[in-house]
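So the structure is just underneath, and the comments pick up after that.
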Amino acid sequence: MSDLPDLTGKRVAIIATDHFEESELTTRRDSLEDAGADVRIFAPHSGTLQAMQGDTDKTISVRVDGTLDEFDQGWADAFVFPGGTVNADHLRIDEHAQRIITNALESGAPVAAICHAPWLLVSADLVKGRRLTSFPSLAVDVKNAGGDWVDETVVVDGNLITSRNPDDLPAFVGAIADALVA
């Protein structure tokens, strides 16, 4: 992913909570920072977040840069949402997270969600008429909410970017970087 375009001056907000899938947050953060972006993590609470591997194994902790209730929507050029079943299940019912993703999509800013993160899109009623992908177990939820679920590595539908799982990260990060320089 060292072949990303120069992202100097771009600001990326990662929205997460405890028990996110480690690689789905750290790979994006590290790759985008290496390309020059200012990447910050926002969560429902301050302090640190617990990362997981495969929903069952605790790994590292990451520092939170700000809370969702204090988040300045205008700060970010792009918004990214990592997966992890527990992380996504908690964020999908968080009113601040729903407001952030709704405002981001309406503003035209790139919004990227991977794995289970599209649950937030479903809960915020944002998938109707959109084409997207996710972890396969969300396909029924997406379809029931009026979305067109497809099994593809990365799907770009306007300013919405989605991917299925950690194996898709190279294409996913590339699509985020492309959207930031478009």
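The values are calculated or read from the model by the stated rules, or taken from the named source; none is laboratory data. Fair warning: this is a prediction, and the values are worked out from it, not measured in the lab. Here Cβ is always computed from backbone atoms with ideal geometry, including for glycine, and neighbour counts include all displayed protein chains. In case anyone asks, the SASA skips ligands and DNA or RNA and just uses the protein heavy atoms, side chains included. Shrake-Rupley method; radii C 1.70, N 1.55, O 1.52, S 1.80 Å.
Worth a mention:
- Residue that is farthest from V181 (Cα to Cα) [pool: residues in segment 37-71 that are touching a Gly at 6+ places or on another chain (Cβ under 7 Å) and modelled with pLDDT of 95 or more]: M52
Let's see how each residue does on (1) closer than 22 Å to G147 by Cα; (2) in contact with an Asp or Glu (Cβ under 7 Å, 6 or more places away or on another chain); (3) open to solvent by less than 50 Å² (accessible area, probe 1.4 Å):
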position	(1), (2), (3)
G36	no, yes, yes
A43	no, no, yes
R63	no, no, no
G66	no, no, yes
V86	no, yes, no
A117	yes, no, yes
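- Complete set of residues in segment 74-107 that are part of a helix (DSSP H, G or I) and among the aromatic types (F, W, Y): W75
- Listed conditions (1) farther than 19 Å from I41 by Cβ; (2) surrounded by fewer than 20 Cβ atoms within 10 Å (Cβ to Cβ) are all met by V154, apart from (2).
- Just so you know, in segment 3-34 the residues that are farther than 21 Å from V64 by Cβ and in contact with a helix residue (DSSP H, G or I) (Cβ under 9 Å, 6 or more places away or on another chain) include one that is surrounded by the fewest Cβ atoms within 10 Å (Cβ to Cβ), and it is D3.
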